[in-house]
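The values are calculated or read from the model by the stated rules, or taken from the named source; none is laboratory data. Keep in mind it's a predicted model, so treat the numbers as computed, not measured. Counting neighbours? That spans all protein chains shown, and the Cβs are built from the backbone with ideal geometry, glycine included.
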Amino acid sequence: MKVIYSDQHTGHDPQQFIVRGRMKRSNEQPERGTLLLNAARAQGHEVVAPADHGPGPRAAIHTPQYLRFLETAWERWQQLEGASEEVMPNVHPFPGQPFTYPDSLVGQAGYHMGDMACSIGRHTWHAATWSAHVATHAAQLVLDGERAAYALCRPPGHHAYADRANGFTYLNNAAIAAQHLRGRHDRVAILDIDVHHGNGTQGIFWRRRDVLTISLHGDPHFCTPFFTGHAHEMGEGEGLGYNLNLPLARGTQDEGFLAALATALATIRAYAPGALVVALGLDAHEHDPYQMLGVSTAGFGRILGEIARLGLPTVLVQEGGYLSEDLGPNLASALGGFEKAA
Ligand SMILES: [Zn+2]
């Protein structure tokens, strides 16, 4: 399988991540990219550098206002007296209340940044744009006839809404890949198996029926992003019935995950899309630092094998999965399981 990778992510190394009130370095570190790349290389996959696909693919998903903010926020932040090295929000609009888009950069940060897990550093915009190029490139390879391609995206993307960063993500790579595939296919499905709900992806396609969104994840009763990911969220308007959430109980292991996956795959088969995007988080693993679910390394091979048996042109987009000695083996198991069944 072709592995799309760009080393342009390495400058993005967020140092500010507030968890349980304490500031620490982000879990979403450049070392993840290196580790995943080494695992893919060791398995013999061909590594391909992405082309610069320009601003079009990201502009097809994200608002101009948000893209302008992401591109300029770090430089503007440096001009604020006493500002920290990285852009961090500290004030947010209230849901359901009328508001005016703020002129103040601090206000804009609160508007466009949903939490304290998406700080913007000097190289964040650059890394995010190249991560989107990686996803677009993989989608293009699949449109050109590859059975599947793996986009080694960093930063990840599935929490990013059309106009809001959160949860380590800025540009929604899976959504960008799906939209690119829509250029050829009338219907595209996104299957998100990251342990966290793909809230940004759900939000982006909430009112659309041409992109089916399905997410398997730790139940939001115990798992971030808390506010979304419940089974009753099914889309609205034209999109009603085209969003499926399958929340899983804490500690769910391979068999439980595969049972929910069967529901997801039956829904995809009924939808009959022309192509599939898999938001491939590896943080459902039993030894992932997040410790939410209990999928085994071999389990990822079985999961991706079942997905491959859909027989669809497939773009695998890297989402979460954090530093542990199992991260590389988990990716190898996933890619190997897909290829064996494809
Ligand atoms: Zn995750």
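Among the residues of the range 322-333, none qualifies, meaning not one is out of contact with any Ser or Thr (no Cβ under 8 Å at 6 or more places or on another chain), in contact (Cβ under 8 Å) with a residue 40 or more places away in the chain and closer than 21 Å to Ile214 by Cβ. For the range 258-276, the criterion of being on the phi > 0 side of the Ramachandran plot and among the polar types (S, T, N, Q) is satisfied by no residue at all.
With Thr263, Thr224, Thr252 as the choices, which residue is within 16 Å of the ligand (Cβ to nearest atom), without any contact (Cβ under 8 Å) to a residue 60 or more places away in the chain, over 20 Å from Gly114 (Cβ atoms) and of a type in the set (Val, Ile, Thr)? Spell out the reasoning first.
Numbers: Thr263 fails: within 16 Å of the ligand (Cβ to nearest atom); Thr224 fails: over 20 Å from Gly114 (Cβ atoms).
That would be Thr252, the only listed residue that is within 16 Å of the ligand (Cβ to nearest atom), without any contact (Cβ under 8 Å) to a residue 60 or more places away in the chain, over 20 Å from Gly114 (Cβ atoms) and of a type in the set (Val, Ile, Thr).
Go through the range 300-324 and give me each residue that's within 16 Å of the ligand (Cβ to nearest atom) and of a type in the set (Gly, Ala, Ser).
Of the residues in the range 300-324, the ones within 16 Å of the ligand (Cβ to nearest atom) are 300, 303, 316-324.
Once the filter is applied, which keeps residues that are within 16 Å of the ligand (Cβ to nearest atom) and of a type in the set (Gly, Ala, Ser), the range 300-324 yields Gly320, Gly321, Ser324.
Just one of the listed residues (Pro57, Pro50) is in a helix (DSSP H, G or I), in contact with a His (Cβ under 8 Å, 6 or more places away or on another chain) and under 30 Å from Val315 (Cα atoms), namely Pro57.
Among the conditions (1) among the small types (Gly, Ala, Ser); (2) within 16 Å of the ligand (Cβ to nearest atom); (3) free of Cβ contacts under 8 Å to residues at least 12 places away in the same chain, the only one that Ser131 does not satisfy is (3).
Per the listing Gly107, Gly82, Gly96, the residue uniquely on the phi < 0 side of the Ramachandran plot and either at pLDDT below 95 or not hydrophobic (A, V, I, L, M, F, W, C) (or both) is Gly107.
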